[in-house]
Amino acid sequence: MTPKNTPTQQMYPKRHLLAASGIAALLCLTLLVYPSREVEAKKTFINIELEAQSLEEVTEPLTNSESVDAQTLSTTANKPEIDSFEYKKDLTVKNGETLSVLFERAGLGNSLLHSMLSSDKEAKRFTQLKVGQTLSFEFDENKELKSLSSQISTLESIHLEKKADSENFAFRKTVAQTQTHEKYAQGNIEGALFAATKKAGVPYGLALDMANIFGYDIDFAQDIRKGDKFEILYEEKTLDGKAVGTGNILTARFTNRGKIYTAVRYTDKNGNTSYYSADGSSLRKAFIRTPVDFARISSRFSNGRKHPILNKIRAHKGVDYAAPRGTPIKAAGDGRVTLAGRKGGYGNTVVIKHGQRYQTLYAHMNGFAKGIRSGSNVKQGQIIGYIGTTGLSTGPHLHYEFQVNGVHVDPLSQKLPISDPIHASEKQRFAQYSQPLIAKLDSNSSTQVALNKQ
Ligand SMILES: [Zn+2]
C-alpha cells in the first residue's frame, strides 16, 4: 500500500485539451465579429492550420488575425500545398510497449533512440515506462526530433533536448514548484477512526500521522468511542490551485472520551523536531501502545494455567489484532530487527530488539515493508509489514508479543517508559510558537460550529 501517493496524472494532454477549447472559443468569437462570406474563408484556413501545426504554435497567429483585413484573408485561404506533418506528437504508453516501439510509432528509427540514450547517462530514465504515461515528441522545422519529454509524477517531468550545435541530447529533470498553505479539518467519530478521517477529507497518510502522534496516549484499537472528535491543522501542497499532496501536521487536537489531547509540532534550537502537548511535555514515548491503528483486539494476553483435569496449559503470550489484509503494522519503538522471515507457526515474523531489556514480535504478516530485514534499524512508528494470515492462523490478524528481560508481558498492561519534555530554556520559545497555532484550531472550530448552525 502506498497511502500517501496520488496516482500519476497526465497533465500534458489536459493542457492541450484546454488549449483546444480555448481555440474553439476564439473561433466562435471571430464568427460573431465577421458574419460575412470572407469569414468562411478564414474558417477554412484556420482549420487546415490546426491540423498542420501544434496547438500552441497556432494560438499566436489566431489572436493576431482579428486585425487582418478581409482581403488578405481570402488570398491566404487559396494557398495551395498544406504541410500535414505533425510537429508535436503525444503518444500514450500502452501495455507491453517499449521505448523502441514508441519511437517506431513516432516515425523514428532505432539508431536515433540509441544515440539519444547514450548521449546522457540519465537518459535511461525514459526506458522506465508505465502504462498510461505520455511521451511528447517535438520536431524542428527540418522535421527532425528536437526534444522528448514526459511527465513522470504529478510534479516531475523529464526531458531530452537536442543541444544547439551537435547531434547530442541533454537530459533535464524539472520539478513543478508547489505552494504550501495551512488547511484545517475536523471530524466526529461515529464508528471507526478511519471512516471519520475519510469523511472529513483527510488523506489516509495524514490519518496515519495523526494516529502516530497520539498513539502513545490513545489506544486507537480499543479506546475510541462514538462522540470522540479530532481537529487538525496541516500543510497542504498545491500546484496551480489544485491540491497535489500534504506536508506535516502542525497541530492537532483529539477528544477521547471527554479528555482533550493537544499536539504541536515543534523544532527545538538544536533542529530536532517532535510533537509536544500544549504544556510542552513530549508526546513521544519509548513504545507505542498499539502497533496497528485500524484494528480490533480479537484475543487478549493470558499466562494460562494447567487445566486441573486435562493437565494441558492454555496460554496466549500476546495480543491479537484483527484487521483487513494489507493493513500496515508499525514498529512499537526504535530498535534493531533481529528476524524478518518465516518462523514456524508464526508465519512471516518480525522480531525487534529495543535496547537491552525489551523485545517485540509481530507474527502472521502478509509481507514485510521495503528495507525490513535482519540487522536493519527501525524507527518508532515505521511501517515494518502488513497484516496477513501466514503460519498457523485462521484469518488476517497480527499476533503481537512484548518481552521484558526475556519474559512475556501483556503489552496492554505494560507501563510504558516516557521520554523528555521541552528543555526549560526553551519553554518561552515553545509558548510563543505554539499558542498562535492552537488559537488557529480554536478559531477554525468556532467557524465550523457557526456554519453547522446555519
Ligand atoms: Zn495470537
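The values are calculated or read from the model by the stated rules, or taken from the named source; none is laboratory data. Remember, it's a predicted structure, so these values are computed and weren't measured experimentally. A quick note on method: Cβ atoms are made from the backbone with ideal geometry, for glycine too, and the neighbour counts reach across all protein chains shown.
Inside segment 186-223, residues that are over 19 Å from K330 (Cα atoms), of a type outside the set (S, T, Y) and in contact with a strand residue (DSSP E or B) (Cβ under 7 Å, 6 or more places away or on another chain) make up a count of 9. Assess whether T327 counts as being touching a strand residue (DSSP E or B) at 6+ places or on another chain (Cβ under 8 Å), among the β-branched types (V, I, T) and more than 21 Å from D209 (Cβ to Cβ). When the stated conditions are applied, T327 does not pass them.
Check Y321, Y275 and return the single one that is touching a residue at least 60 places away in the same chain (Cβ under 8 Å), farther than 30 Å from Q432 by Cβ and within 28 Å of the chain's Cα centre (by Cα). Reasoning before the result, please.
Numbers: Y275 fails: farther than 30 Å from Q432 by Cβ.
Only one candidate qualifies: Y321.
Listed residues A196, A192, A164, A176; which is crowded, with 18+ Cβ neighbours inside 10 Å and hydrophobic (A, V, I, L, M, F, W, C)? It would help to see each step written out before you state the result.
On the way: A192 fails: crowded, with 18+ Cβ neighbours inside 10 Å; A164 fails: crowded, with 18+ Cβ neighbours inside 10 Å; A176 fails: crowded, with 18+ Cβ neighbours inside 10 Å.
Going through A196, A192, A164, A176 in turn, the sole match is A196.
In segment 350-368, of all residues being touching a residue at least 40 places away in the same chain (Cβ under 8 Å) and of a type outside the set (A, V, I, L, M, F, W, C), the one that is farthest from the ligand (Cβ to nearest atom) corresponds to R357. Determine whether L361 is loosely packed, with under 13 Cβ neighbours inside 10 Å, touching a helix residue (DSSP H, G or I) at 6+ places or on another chain (Cβ under 8 Å) and more than 23 Å from D209 (Cβ to Cβ). No, not satisfied. The set of residues in segment 93-147 that are among the acidic types (D, E) and more than 22 Å from A164 (Cβ to Cβ) comprises E97, E104.
Please specify each residue of segment 369-414 satisfying the condition of being closer than 24 Å to R300 by Cβ and of a type in the set (D, E, K, R). First the steps, then the outcome.
Of segment 369-414, the ones closer than 24 Å to R300 by Cβ are 380-381, 384-414.
If the condition is that a residue be closer than 24 Å to R300 by Cβ and of a type in the set (D, E, K, R), then E401, D410 are the ones that fit.
Taking the conditions (1) at positive phi; (2) in contact (Cβ under 8 Å) with a residue 60 or more places away in the chain in turn, G241 satisfies each one other than (2).
Report yes if S376 is at pLDDT 90 or above, hydroxyl-bearing (S, T, Y) and surrounded by fewer than 19 Cβ atoms within 10 Å (Cβ to Cβ), otherwise no. Talk me through it step by step, then tell me what you get.
Working: at pLDDT 90 or above: yes; hydroxyl-bearing (S, T, Y): yes; surrounded by fewer than 19 Cβ atoms within 10 Å (Cβ to Cβ): yes.
When the stated conditions are applied, S376 passes them.
Here I372 does not qualify as within 16 Å of the ligand (Cβ to nearest atom) and under 24 Å from the mean Cα position of the chain (by Cα). Annotation note: of I249, I309, the sole residue that is at pLDDT 95 or above and away from the ligand (no atom under 16 Å from the Cβ) is I249.
Sort out which residues of segment 394-407 are within 13 Å of the ligand (Cβ to nearest atom) and either buried (at least 18 other Cβ atoms within 10 Å of the Cβ) or not assigned by TED's automatic domain parsing to the domain that holds A332 (or both), and write them in order of number.
Going through segment 394-407, the residues within 13 Å of the ligand (Cβ to nearest atom) turn out to be 394-402.
Result: P396, H397, L398, H399, Y400, E401, F402.
Which count do you get for residues in segment 174-226 that are hydroxyl-bearing (S, T, Y) and under 17 Å from A263 (Cβ atoms)? Before you say what the answer is, go through the steps one by one.
As a first pass, look at segment 174-226 and keep what is hydroxyl-bearing (S, T, Y): 174, 178, 180, 184, 197, 204, 216.
From the residues that got through so far, the ones that are under 17 Å from A263 (Cβ atoms) too are 184, 197, 216.
Count: 3.
Residues being touching a His at 6+ places or on another chain (Cβ under 7 Å), buried (at least 17 other Cβ atoms within 10 Å of the Cβ) and assigned to a strand (DSSP E or B) are represented in segment 229-240 by at least one member. Counting only helices (runs of 4 or more DSSP H) that sit wholly inside segment 101-219, those with at least 1 residues that are closer than 26 Å to A243 by Cα and at pLDDT below 90 are 193-199, 204-214.
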